[in-house]
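Colleague: Here's a structure for you.
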Amino acid sequence: MTTFSIIYIYLCGNSKIKGYLMNLATLITASRVAIAPVFAYLFIKGYGSDGSGWIYACVALAALIELSDIIDGTVARARKEVTDFGKVFDPVADSVSRQTVFIAFMVAGIIPLWMYLVFFYRDAFMQLLRIVCASSGVVLAARKSGKIKAVLQGIATFGVLAVVWAIGAGRMEAVVWGRHPGFWVMILPAVYTLLSVIDYIVPNGKLILKMMEAKNKGG
């Protein structure tokens, strides 16, 4: 029996620790954080090279990332594994995994820096807003715009992969209207991502202003 096996058995024997190890929903959520850098490595390494095996691998990894995002919540509710940690970790995992994918696209020259920054700053602002709301005992509820944003970004990811495959197969021009075709695939999600911030700011505007007020007005 290996040392790892002994440690694993010991941990599983501890009922409190076992609860964390057996939380399938959290493991599914964590899987996309682990898969994303593998995707980025394969995409950056394979982009522009001969062969198409790497692009198929990237498609499979992207599918696993999106699938984990779809089923983790369902699994948590079905297995009664909904936790406070999971509620916070889920949007963070979404952000980290998608940002990693978009970094790969940027490094490959498919999207410009400013477009990546739109995605990055939007997610950073949302994390700040969640912290602000949580500090006031308010739960920032998911809004329809956020779900639409996620769907558009997911579709665009596969769109870019399809475009890259088509260019490599000689079925599409490498430049369209002065840009990589993948840029035009990503433009709609980028614009919507930017606009979705407004949908979160407006209903939480009073809370944000209240949190910005100085506590000691006499100082």
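The values are calculated or read from the model by the stated rules, or taken from the named source; none is laboratory data. Because the structure is a prediction, the values reported are computed rather than measured. Note that we place each Cβ from the backbone using ideal geometry, even for glycine, and neighbour counts take in every protein chain shown.
Colleague: Identify all residues within the range 162-205 that are modelled with pLDDT of 95 or more, among the aromatic types (Phe, Trp, Tyr) and under 21 Å from the mean Cα position of the chain (by Cα); write none if there are none.
Modeller: Across the range 162-205, the qualifying residues are PHE183, TRP184, TYR192.
Colleague: Here is a follow-up. Contact list please: Cβ distance under 8 Å, first residue in the range 63-91 and touching a residue at least 40 places away in the same chain (Cβ under 8 Å) and within 14 Å of LEU27 (Cβ to Cβ), second residue of a type in the set (Asp, Glu) and not in a helix (DSSP H, G or I), pairs at least six apart or on different chains.
Modeller: VAL75/GLU81
Colleague: Within the bounds of the range 145-161, is there any residue that is modelled with pLDDT under 85, out of contact with any Cys (no Cβ under 9 Å at 6 or more places or on another chain), within 21 Å of PHE120 (Cβ to Cβ) and not polar (S, T, N, Q)?
Modeller: no
Colleague: So which residues in the range 168-185 are more than 18 Å from PRO112 (Cβ to Cβ) and aliphatic (A, V, I, L, M), if there are any at all? Let's see the steps before the verdict.
Modeller: To start, the set of residues in the range 168-185 that are more than 18 Å from PRO112 (Cβ to Cβ) comprises 168-173.
Hits for the range 168-185 are ALA169, MET172.
Colleague: Kindly indicate whether PHE120 is under 15 Å from the mean Cα position of the chain (by Cα) and in contact (Cβ under 8 Å) with a residue 40 or more places away in the chain.
Modeller: Against the criterion (under 15 Å from the mean Cα position of the chain (by Cα) and in contact (Cβ under 8 Å) with a residue 40 or more places away in the chain), PHE120 does not qualify.
Colleague: Please enumerate the residues belonging to the range 103-140 that are basic (Lys, Arg) and either touching a strand residue (DSSP E or B) at 6+ places or on another chain (Cβ under 7 Å) or at pLDDT 90 or above (or both). I'd like the intermediate steps shown before the answer.
Modeller: Taking the range 103-140 as the starting set, the residues that turn out to be basic (Lys, Arg) are 122, 130.
The one that is basic (Lys, Arg) and either touching a strand residue (DSSP E or B) at 6+ places or on another chain (Cβ under 7 Å) or at pLDDT 90 or above (or both): ARG122.
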